[in-house]
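Take a look at the structure below.
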Amino acid sequence: MNSLPILKARNVHKQFADSSVLRGVHFELQAGQVHAVLGSNGAGKSVLMRIFSGILAPDHGQLLLDGKEHSFDDAGAARRAGIAMVHQELSLIPTMTVAENIFLTRWNDGWTRFVDEAAMMRAASALLARYHIELDPWQTVGALTRGQQQLLEIAKALSGKVRVLILDEPSANLTAAEVGLLYRTVKRLAAQGMAIIYITHRLRDVFEVCDQLSILRDGRIAHTLPVAATSAQAVLTLLTAQLSGASWPAVNVLADDAAPLLQLRQSDTQQAALSVRAGEIVGLSGSGASAMLEAIFGLQALHGYTLALSGKELHVRHPSEAIAHGLHLLPGDRRRAGLVLDLSVSENILLSLFDRLSSALLIDDARGQQIVTGLLRRLGLKTEDPGQQVRLLSGGHQQKVLMARALSTEGRILLLDEPGSGMDVQAQSVLWQIVRNYAAQGNAVLIASSDYAMLAALCDTCHLLADDGIGPPLAAATGQQALLRALHGTPCQP
Amino acid sequence: QPLSRGPHGEQPTPYAAVVLKASDIAALKRKPYRAALVMHTSSDFSSALIAGARKGFAELGISVVAVTDAGMDPQKQRTDLETVMALKPDLIVSLVIDPVSGAIAFRPVVAAGVKLVFISNVPQGLVHGRDYAGIVTDDYLAMGQTAADMLASSIKGKGDVALIYHAANYFVTNQRDAAVKQALARYPGIRVVATRGISNQQDGEVIASAILTQYPKLSAIYAPWDSIAEGVTAAARAAGRRDLKVVTMDLGAANALDMVKGGNMAGIVSDLPYEMGQTVARMGGLALLNRPAPAFVTVDAVRVDSANLSTQWQRALNRELPAAVAQAIARKGAR
Amino acid sequence: MQTSTPAVPATAQSRVRDWRSMLIYVVFAGLFLLFAVTLHERGFLSENNLMNIARQSAMIAIMAVGMTFVLSAAEIDLSFGAVVALAAVTVALLLPYGMLVAVAGALAVGALCGLVNGALVSRIGIPSFLVTLGTAGIITGITRSVSALQSVPVDHEVFAFLFGSGDIGPVPVLFLWMMLVVALGHVVLRNTAFGKAVLASGGNKLAATYAGINVARVKMWVLLINALLAALAGILYAGRLHSARYTLGENDLMMVLTAVIIGGTHLFGGKGSVAGSLMGALIMAMVNNGLILMGLDIDQQLILRGVIIICAVTLTSGRLRRPRR
Amino acid sequence: MQTSTPAVPATAQSRVRDWRSMLIYVVFAGLFLLFAVTLHERGFLSENNLMNIARQSAMIAIMAVGMTFVLSAAEIDLSFGAVVALAAVTVALLLPYGMLVAVAGALAVGALCGLVNGALVSRIGIPSFLVTLGTAGIITGITRSVSALQSVPVDHEVFAFLFGSGDIGPVPVLFLWMMLVVALGHVVLRNTAFGKAVLASGGNKLAATYAGINVARVKMWVLLINALLAALAGILYAGRLHSARYTLGENDLMMVLTAVIIGGTHLFGGKGSVAGSLMGALIMAMVNNGLILMGLDIDQQLILRGVIIICAVTLTSGRLRRPRR
Ligand SMILES: Nc1ncnc2c1ncn2[C@@H]1O[C@H](COP(=O)(O)OP(=O)(O)OP(=O)(O)O)[C@@H](O)[C@H]1O
Ligand SMILES: Nc1ncnc2c1ncn2[C@@H]1O[C@H](COP(=O)(O)OP(=O)(O)OP(=O)(O)O)[C@@H](O)[C@H]1O
Ligand SMILES: [Mg+2]
Ligand SMILES: [Mg+2]
């Protein structure tokens, strides 16, 4: 590049225990550039970013800001140098208000300084307004949706004076509208000369907003090239993602007379608003999709609808009942609702299965391990030690752990909330394959996602969810072409 | 003249009557006897007693191998006892918190032939002479009565009084409190308008304040021991009741000072913990020599007022009056 | 459909929040009325008695302020009762050398304890429960041996007046101390960057660290502050009782924790309210006072106090913990 | 391709993990050696004294097992000392009507307490700290009044033998009880679905719910189990002391919490080890025993115990909490 890079990494190494994650990363970031960083799950993207933002210290190698060498001894230092990061796992204080979270970084300096609540609220609303984020500064963060929290994280990152903005998979589980907002914001910031690192697994993001892309592999930056000079296909090859060419088993919806495995009926007029037959994959999109899945799964009241499984109406009061009826839910919020970080990978996978695994009273560990290894292989996650803490897994790997749990109970109905979030291209194609086969075995899948394209590619039917309830079924295109296009994220109309 | 009677009605023997002949002392010094003190808790009282005992044992060439504090917990006291037994002592001195469970706890000790001297009371079922050498105690009945008398005289024999009593199962305090109540009954002019239990010595002020608001015409309060009395006088100060009289047990510097400066503290009844300690040692000596020892030995209950304070203080605790108190007395003398 | 409402709209939100945190005042008022009605001819409402309650809540409140900071930061301090006693004994022993020396000395001792706790927790990273349990033993041991288990008299009118015994007009000095500490604490926790840092560290340690908040330093400071307030409490005890002894504060821990938690501070951090703790202290003091005025014996007092606590918190925090969503 | 980039390889990871949880045994061994060397001519190693330590740790361990479950589920139970006393008094009072009646009665009483705690915590959702603080007062009040503060004698050889006093050969029955309870507890927490549910609920309540675990029921059960074990402890106290009184268990709470937390269980839930708690209990008992054998006076004992605790945990949990970097 011509001009002097704002941020430059030279030969950065990082090792945990005896697995070396980064083995000599060289990286350059220009002002006004939106630089996509791609790479498979566990490649070390987040670790590298945590090093840039002063949270982790590199084992060796240098960071240069404007050509001058820097080493940050904590996040505060990096922040003061103008590096702000939006973490993959959201890092907000649930008990504090939106405004208090936005200014979180301010609370460290000048402890004796007074906080003028009113001014803070004003500044917060101003900031939110500037980036068109509709949030009430007074609101307690605990009550926000995942998407809102994601946007809040970005606002928080932008609260100070920022020269380098690091976004670690910001588009994961945002609604289409929110993604649009994200794109516009990023473009605007770049235009104002801010340097942005944008980590993602959605090629669509890359082609929408990024002008440079780097691929992290084997602990090094394998390729760096301008986005303009490449194509989705090319990038896929660079990622060496072998998208399984195997065509999906034909959608084999069972004879209509068989009652749908899962059905939502208008509670007033017993009309079916949504039904999933054996072998079907149904998509659900729009605000409240996640809430709808949770309601079906017995986590909250199901307003306006009644649930019928294989024709039998029933009222699910608790997930345990739902699971007993053969349902399982892959939650949309990995950290908050999904993982028990203190437990190991295999414990997290088997969490819903333990009481069934108990021969006599004791857990049959051998069988447990079999199941775990089986599921992990199916999902293409070979962590050599299922006994390690799930906390230490990369975001995408953690997502696979949750998918494994959802499959573990071998129920006939899967409720998936943004199942692909955080998974790399390869992993996603594996995932869709799994979902397909699962359905093909005569099971039912209901997917809530804001990624229309993916839905269109994967589902037999889709429903849009609006304030007036569940919309009519839309027949959706299927087949690998659509799926690939979906993965590229190029919009595809049913 | 001691008033208290032993657990089996034994006649009290004054502590001065417990003596060792020079020959006995020599005999004791010849052997390396080991003694252990298994106490109930720690307080100014118990440390004065322990000091006395250490002194006494030293004079007899008996070494003290362990001192334990059960924190008023019989179960802890039992484990303490078990632990101490590992040191193979020849003599154990103990203030038994709970005579009922004590009965079992001390069975193996007796079986092991370890000599026993008890303070204040004795585990159920143990027989004097066979199982244990004797009891040394403060004359709790006398203490109670003396307290009552001081209370009465401080208010000229007439008026409303309140009693705060130790609302816990603890022999010594229970005996003392009961004695106070009985003795007061013999004063026609005195009405006990309130009796309030206390289970935690920090609550002295809270309870006293409440009593004072409820009985504004109250003229005196009895507090079961010094730390509580400090709370009571604080409450009196807060309520602006300079005229209220307070009487308590056990010498404590703060109360003594208040008394000298003519505050609310009208009088203090004390036992002689240091003497108790030394007596315990002599009893132990007799026991180790297989001499008959008196079953029930008492130390005097002394009536302490500002006049005799310094002498009695020295006598009870075997240490100088705290400087602050001494100065206060001097100032008073000057005036 | 409405399950989906992204998040309760602003106003509602805040309203809910306020309404919740208001409950503690309601409970206080309710209990006050209860006692006022049942005990008025037993002198509950007498000016004297209200003064008693004020005075007794003052001590609890002062200690509760420190504990509010500690719990808000998701730490705990079991050693502060021990610090109370040590500071009291120190001030009493040093008074002969002058009031300032004595007070300064006691505060210094408190600060030292706080620093030791803080260092062990934040530098070596031992759970504060174990650290403060250990230091509690050490400090108590020291107090017992410097005071030889004796009560140390306080013979200094000015000191006694300023620290606990005096009244200015009808107002006990103690009450002023409480007002000062509570006001300060309230402002610091609510309206300073430090306060926010405390709540952030307690609410989500990782997030706080990512935001560049020096969590270790925060923990250090809350333990220091708590120890200093414990020392102040010890000084006030000495001034009030005109004496100091090693047993002071030994039973205050539970009382204070209860006051703080009833006041709406979370035992596991992230949420704390000094005003709430004040309410908690007032409630505890009022209940103790009321139960004694009723003339109940200890057993009945214990039972009734338990019942009252449970009823009170059923109201204040009852549904709060209902499995979210 | 490396979709499968091995998350930190097995070996390393687990080695680290094991090494950590091993430390508690190292500490135990270290202390034991220390005492063995310094105190051997004071009878520390005498078979009798080792029996003492075994017997004394037994009571702590039994109570610690229950508390391990409670803390693992991110709850706390301040009432269990009170339950100990109530159960002890109950069994002693009922013995005249036969041993079975008495034991059953005491356990029933314990179960009742546990159910009340559980219901208030899981149904109404009051923080267990406040619930159990309240019930502790209520239960103690009841115990005091049913026993009229008197200690109730236990005069029943068989009962006394079976519950706490007897020895089978050289082995104290108490020790067998401990072994039974600890073994059971260990297996249940580690190798049953319930155990996993407890840890999950304590680690991340919401995630546990999503995984189909009935968190409310879990909390109910841990409090019930703890109360039952407290009742058992009370029964054993009664058998061991041949009497029961209202003060039993009053000083055990801190001791037990310490044992459990030293053992590596997290105060805030998610992590728990019964074996660790057993080690903790042994360490506490051994230290008490050793300090007395040293012939130290009480102040020195307090100080030294504090120092030992801090040193011990510096080793075991020292670096665990160091800001990950
Ligand atoms: N603190 C840690 N201790 C041990 N291993 C770690 C730690 N943090 C990360 N790792 C390991 O480093 C590797 C890279 O993790 P990282 O989170 O950077 O992957 P990533 O590229 O962000 O993947 P994803 O796309 O899934 O987020 C993973 O194998 C992870 O297990
Ligand atoms: N055997 C005894 N003879 C005379 N007085 C005693 C005896 N044992 C204790 N006392 C005194 O009786 C009072 C109550 O004793 P107790 O040990 O119950 O007090 P406590 O509540 O434990 O407080 P402390 O911490 O001072 O022991 C104390 O003043 C104590 O000094
Ligand atoms: Mg990542
Ligand atoms: Mg005591």
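Residues that are within 20 Å of A:Ala278 (Cβ to Cβ), more than 16 Å from ligand 4 (Cβ to nearest atom) and modelled with pLDDT of 85 or more number at least 3 in the following helices (runs of 4 or more DSSP H) confined to the range A:365-469: A:425-440.
Checked against (1) within 15 Å of ligand 2 (Cβ to nearest atom); (2) closer than 25 Å to C:Ser145 by Cβ; (3) in a loop (DSSP other than H, G, I, E, B), B:Leu87 passes all but condition (1).
Within the range A:121-155, can you find the residues that are touching a strand residue (DSSP E or B) at 6+ places or on another chain (Cβ under 9 Å) and either within 16 Å of ligand 4 (Cβ to nearest atom) or assigned to a helix (DSSP H, G or I) (or both)? Walk me through it before giving the result.
Initial filter on the range A:121-155 (touching a strand residue (DSSP E or B) at 6+ places or on another chain (Cβ under 9 Å)): A:121, A:124, A:136-141, A:150, A:153-154.
Of everything in the range A:121-155, those that are touching a strand residue (DSSP E or B) at 6+ places or on another chain (Cβ under 9 Å) and either within 16 Å of ligand 4 (Cβ to nearest atom) or assigned to a helix (DSSP H, G or I) (or both) turn out to be A:Met121, A:Ala124, A:Val141, A:Gln150, A:Glu153, A:Ile154.
Among what's in the range B:60-77 and is more than 16 Å from ligand 2 (Cβ to nearest atom) and more than 23 Å from D:Leu39 (Cβ to Cβ), pick the residue that is surrounded by the most Cβ atoms within 10 Å (Cβ to Cβ). The extreme case among them is B:Leu60. Evaluating A:Asp218 against the criteria (1) modelled with pLDDT under 90; (2) surrounded by 12 or more Cβ atoms within 10 Å (Cβ to Cβ); (3) not assigned by TED's automatic domain parsing to the domain that holds A:His13 leaves one unmet condition, (3).
Here is a check on your reading of the model: is A:His70 away from every other protein chain (no Cβ under 12 Å) and modelled with pLDDT under 90? Here the answer is yes, as A:His70 does meet what is asked. The residue that is farthest from ligand 2 (Cβ to nearest atom), counting only those in the range A:156-178 that are assigned to a helix (DSSP H, G or I) and crowded, with 22+ Cβ neighbours inside 10 Å, is A:Ala157. Condition first: of a type in the set (Gly, Ala, Ser), modelled with pLDDT under 90 and more than 16 Å from ligand 3 (Cβ to nearest atom). Can you find one or more residues in the range A:125-139 that meet it? For the range A:125-139, residues of a type in the set (Gly, Ala, Ser), modelled with pLDDT under 90 and more than 16 Å from ligand 3 (Cβ to nearest atom): absent. Figure legend. Inter-residue proximity from the range B:40-66: first residues over 19 Å from B:Lys76 (Cβ atoms) and of a type in the set (S, T, N, Q), second residues more than 9 Å from ligand 2 (Cβ to nearest atom) and assigned to a loop (DSSP other than H, G, I, E, B), beta-carbon distance below 8 Å, spacing 6+ or different chains. Indicated pairs: B:Ser63/B:Pro32; B:Ser63/B:Tyr33. The condition of being within 7 Å of another protein chain (Cβ to nearest Cβ), part of a helix (DSSP H, G or I), in contact with a strand residue (DSSP E or B) (Cβ under 7 Å, 6 or more places away or on another chain) and within 30 Å of D:Glu41 (Cα to Cα) holds for only one of D:Ile292, D:Ile303, D:Ile310, that being D:Ile292. For the range A:24-67, the set of residues classified as more than 15 Å from ligand 3 (Cβ to nearest atom) and polar (S, T, N, Q) consists of A:Gln30, A:Gln33, A:Gln62, listed by residue number. Take the residues in the range A:358-390 that are at the interface with chain D (Cβ under 7 Å from one of its Cβ atoms) and among the hydrophobic types (A, V, I, L, M, F, W, C), then tell me which one is surrounded by the fewest Cβ atoms within 10 Å (Cβ to Cβ). The selected residue is A:Leu361. When restricted to residues that are assigned to a strand (DSSP E or B) and surrounded by fewer than 24 Cβ atoms within 10 Å (Cβ to Cβ), the range B:90-115 contains 0.
For the range A:139-152, the condition holds for no residue, the condition being that it is over 16 Å from C:Ala200 (Cβ atoms) and away from chain C (no Cβ under 13 Å).
Considering the range C:174-283, the qualifying helices (runs of 4 or more DSSP H), each wholly inside and each with 3 or more residues that are away from chain A (no Cβ under 14 Å), run over C:215-241, C:252-262. Any chance the range A:88-97 includes a residue that's touching a strand residue (DSSP E or B) at 6+ places or on another chain (Cβ under 8 Å), more than 8 Å from chain C (Cβ to nearest Cβ) and crowded, with 16+ Cβ neighbours inside 10 Å? Within the range A:88-97, one or more residues are touching a strand residue (DSSP E or B) at 6+ places or on another chain (Cβ under 8 Å), more than 8 Å from chain C (Cβ to nearest Cβ) and crowded, with 16+ Cβ neighbours inside 10 Å. C:Ile139: farther than 17 Å from C:Gly249 by Cβ and buried (at least 24 other Cβ atoms within 10 Å of the Cβ), yes or no? No, not satisfied.
Looking only at residues in the range A:188-244 that are out of contact with any strand residue (DSSP E or B) (no Cβ under 8 Å at 6 or more places or on another chain) and among the charged types (D, E, K, R), the one that is nearest to A:Gly380 (Cα to Cα) is A:Arg217. Take the range D:141-168 and flag every residue that is away from chain C (no Cβ under 14 Å), in contact (Cβ under 8 Å) with a residue 12 or more places away in the chain, farther than 12 Å from D:Tyr237 by Cα and part of a loop (DSSP other than H, G, I, E, B). Within the range D:141-168, D:Ser151, D:Asp155, D:His156 meet the criteria.
Tell me, please, whether a residue that is over 21 Å from D:Val215 (Cα atoms), of a type in the set (A, V, I, L, M), surrounded by fewer than 24 Cβ atoms within 10 Å (Cβ to Cβ) and free of Cβ contacts under 8 Å to residues at least 12 places away in the same chain can be found in the range D:112-132. The answer is no; no qualifying residue exists. Tallying residues that are modelled with pLDDT of 90 or more and either under 16 Å from D:Ala200 (Cβ atoms) or part of a loop (DSSP other than H, G, I, E, B) (or both) within the range A:330-340 yields 4. The conditions of being part of a loop (DSSP other than H, G, I, E, B), aliphatic (A, V, I, L, M), more than 23 Å from the chain's Cα centre (by Cα) and surrounded by fewer than 24 Cβ atoms within 10 Å (Cβ to Cβ) are not met by D:Leu100. Sub-7 Å Cβ pairs linking a first residue in the range A:219-241 that is within 24 Å of A:Val47 (Cα to Cα) to a second residue that is of a type in the set (D, E, K, R), at least 6 apart or interchain, are A:Gly219/A:Arg23; A:Arg220/A:Arg23; A:Pro226/A:Asp211; A:Val227/A:Asp211, ordered by first then second residue.
May I ask you to say which residue of C:Leu120, C:Leu100, C:Leu112, C:Leu133 is within 19 Å of C:Asn226 (Cβ to Cβ) and modelled with pLDDT of 95 or more?
C:Leu112
Filtered by the rule that a residue be surrounded by 24 or more Cβ atoms within 10 Å (Cβ to Cβ), away from ligand 2 (no atom under 16 Å from the Cβ) and part of a strand (DSSP E or B), the range B:29-59 gives B:Ala35, B:Ala36.
The values are calculated or read from the model by the stated rules, or taken from the named source; none is laboratory data. Here the structure is a predicted model, which means the values were calculated and not measured. Please note: Cβ atoms are built from the backbone with ideal geometry, for glycine as well, and neighbour counts cover all protein chains shown.
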